[in-house]
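One structure is given below, encoded as structure tokens.
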Amino acid sequence: MHDSQRQDPWRTRLSEYVDGELASGEREALEAHLATCDGCTEVVRDLRELVKAARELPDRAPAADAWLALRAALEPRAPVAARPHRSWAALLAFAAGVLVTLGAWLAFASIRDARDGRETVAAGGSYMLLLHEPEGFENGTTPVEHAAIVERYASWAHELGARCLAGDELASGGWELRAGSGGASEHERASGPGIGGYFLVQAADASEALRIARTCPHLERGGWIELRPIQAH
Amino acid sequence: MESDPLIQPARASACPGSLPDRGTGLDADARAALAGDLAAFERFHRATVARVHSLARRLLGTERADDACQEVYLRAWRGLPSWRGEAAAGTWLHRLALNTLLNLTARAGPRFEDAELARYEPARPSDPAQRLDLEAAIERLPRGARTVFVLHDVEGLEHGEIAARLSISVGTSKSQLSRARLLLRDALREGGGKRHA
């Protein structure tokens with residue numbers, strides 16, 4: 001049995017005595033006890049030494065260069081700052097700004113906290129949600145309806161908080177470039193089905209990325225989502 | 001100006017001079033990092049990481065310290081916009097680190113269990129000449145007692161603040177501190193002497 005577990009009516013008061021927190025009557029009684037108890041006197045001396053040592057504990061830097069690991073973990077945030085502003089990207093940027101102002105790190109922390117058993121940021125990865133649009137996906141959509149749709153996507157991204165790293169709608173048109181035996185060919189992309197937008201999200205693992213993707217309003221609108229993990233290097 | 005726990009902590013005597021001339025530099029780096037300057041954030045990190053990592057190691061143990069420390073700086077990076085410059089950047093980071101690390105300790109389950117005392121076994125070095133140091137002894141404390149000890153004796157928090165942060169009574173904070181100190185005393189004595197550091 002350790003010394004601390006032996007019964008001594010004064011023993012549990014010695015710590016407070018060392019801190020000067022005993023009321024005067026109790027302090028005097030304890031001091032009278034100390035005058036006759038070598039054991040408690042020795043404990044008091046040791047505790048004072050211990051308190052002094054604790055206050056003087058030197059800090060030690062981590063063995064490995066923690067910055068390198070941290071720097072790698074910070075990188076996914078860059079696209080948010082560099083993202084172009086238009087349509088739902090602009091709304092996302094606004095949402096991100098509000099979140100940051102209110103303490104996005106707290107929101108992120110609370111989301112992370114809710115994940116069972118996950119206690120560190122480490123690991124995890126980025127996932128791309130490619131939003132495919134089938135034939136006739138937005139046929140007949142008015143500008144007002146389109147704005148409401150954009151709002152809906154932006155709201156969803158807002159709810160993701162810091163897990164949403166980037167996102168945007170793709171304009172119609174564009175080009176297709178191919179290399180062939182006869183040389184490169186470039187031609188304007190034909191209208192029709194294709195990828196209409198994307199989101200880049202951060203998730204702990206594929207299961208979480210899937211859970212996120214399932215809630216995307218794109219599915220309810222009749223589109224389909226291609227979920228692709230970003231290759232870690 | 002508010003004192004900076006990362007530079008002039010309550011336990012400033014701990015390592016006098018080991019963090020030279022970082023007061024204004026730390027604030028300037030934090031301001032630059034707020035504007036997205038990664039190099040400034042690196043300087044901010046390098047200037048403070050020993051302090052934060054040591055706190056993480058003492059509260060969560062060596063195994064979890066690296067990840068916990070990184071979590072603190074990730075939150076700092078994201079949370080920099082919430083730093084208004086009213087407090088020194090070091091004070092802000094220290095507060096953030098305490099909040100983050102205490103949340104992590106809370107997630108490991110209840111902090112205060114009577115059964116922990118029965119399970120506590122002070123380290124017994126196989127080599128009698130080997131002395132147990134205070135850092136190692138702290139790490140072996142029951143979680144609740146360790147948390148209170150680190151907050152009070154190492155970080156210099158008062159019992160009232162500890163009680164508020166851990167959602168316990170002041171009396172519990174005092175009794176856990178007493179328990180921690182006595183256990184540490186025993187561990188250090190049984191570990192081969194009264195060496196503390």
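The values are calculated or read from the model by the stated rules, or taken from the named source; none is laboratory data. Not measured: the values here are computed from a predicted model. Here Cβ is always computed from backbone atoms with ideal geometry, including for glycine, and neighbour counts include all displayed protein chains.
Observations on the model:
- Check on B:E71, assigned by TED's automatic domain parsing to the domain that holds B:T100 and surrounded by fewer than 24 Cβ atoms within 10 Å (Cβ to Cβ): no
- Residue pairs meeting the criteria (Cβ under 7 Å; at least 6 apart or on separate chains; first assigned to a loop (DSSP other than H, G, I, E, B), in the stretch A:198-221; second among the β-branched types (V, I, T) and surrounded by 14 or more Cβ atoms within 10 Å (Cβ to Cβ)): A:C216/A:I225
- Residue match in the stretch A:139-160 (condition: at pLDDT 80 or above and of a type in the set (A, V, I, L, M)): yes
- Residues in the stretch A:29-67 that are part of a helix (DSSP H, G or I), under 17 Å from B:R185 (Cβ atoms) and more than 9 Å from chain B (Cβ to nearest Cβ): 9 in all.
- Selected residue (only one of B:L184, B:L117 is buried (at least 17 other Cβ atoms within 10 Å of the Cβ) and either modelled with pLDDT of 75 or more or over 21 Å from the mean Cα position of the chain (by Cα) (or both)): B:L184
- The residues in the stretch B:48-68 that are at the interface with another protein chain (Cβ under 8 Å from one of its Cβ atoms) and of a type in the set (V, I, T) can be counted, and the count is 1.
- Breaking point among (1) part of a helix (DSSP H, G or I); (2) surrounded by fewer than 20 Cβ atoms within 10 Å (Cβ to Cβ), for B:G85: (1)
- Here B:C15 passes the criteria (1) more than 10 Å from chain A (Cβ to nearest Cβ); (2) modelled with pLDDT under 90 except the one numbered (1).
- Residue match in the stretch B:69-79 (condition: more than 12 Å from chain A (Cβ to nearest Cβ) and modelled with pLDDT under 95): no
- Breaking point among (1) outside any helix (DSSP H, G or I); (2) closer than 19 Å to B:E135 by Cβ, for B:G36: (2)
- Condition met for A:A29 (at pLDDT below 95 and over 31 Å from the mean Cα position of the chain (by Cα)): yes
- Residue tally, condition more than 21 Å from A:R214 (Cβ to Cβ) and over 29 Å from the mean Cα position of the chain (by Cα), over the stretch A:132-172: 14
- Candidates B:L141, B:L157, B:L132: the one that is among the aliphatic types (A, V, I, L, M), surrounded by 19 or more Cβ atoms within 10 Å (Cβ to Cβ), in a loop (DSSP other than H, G, I, E, B) and at pLDDT below 75 is B:L132.
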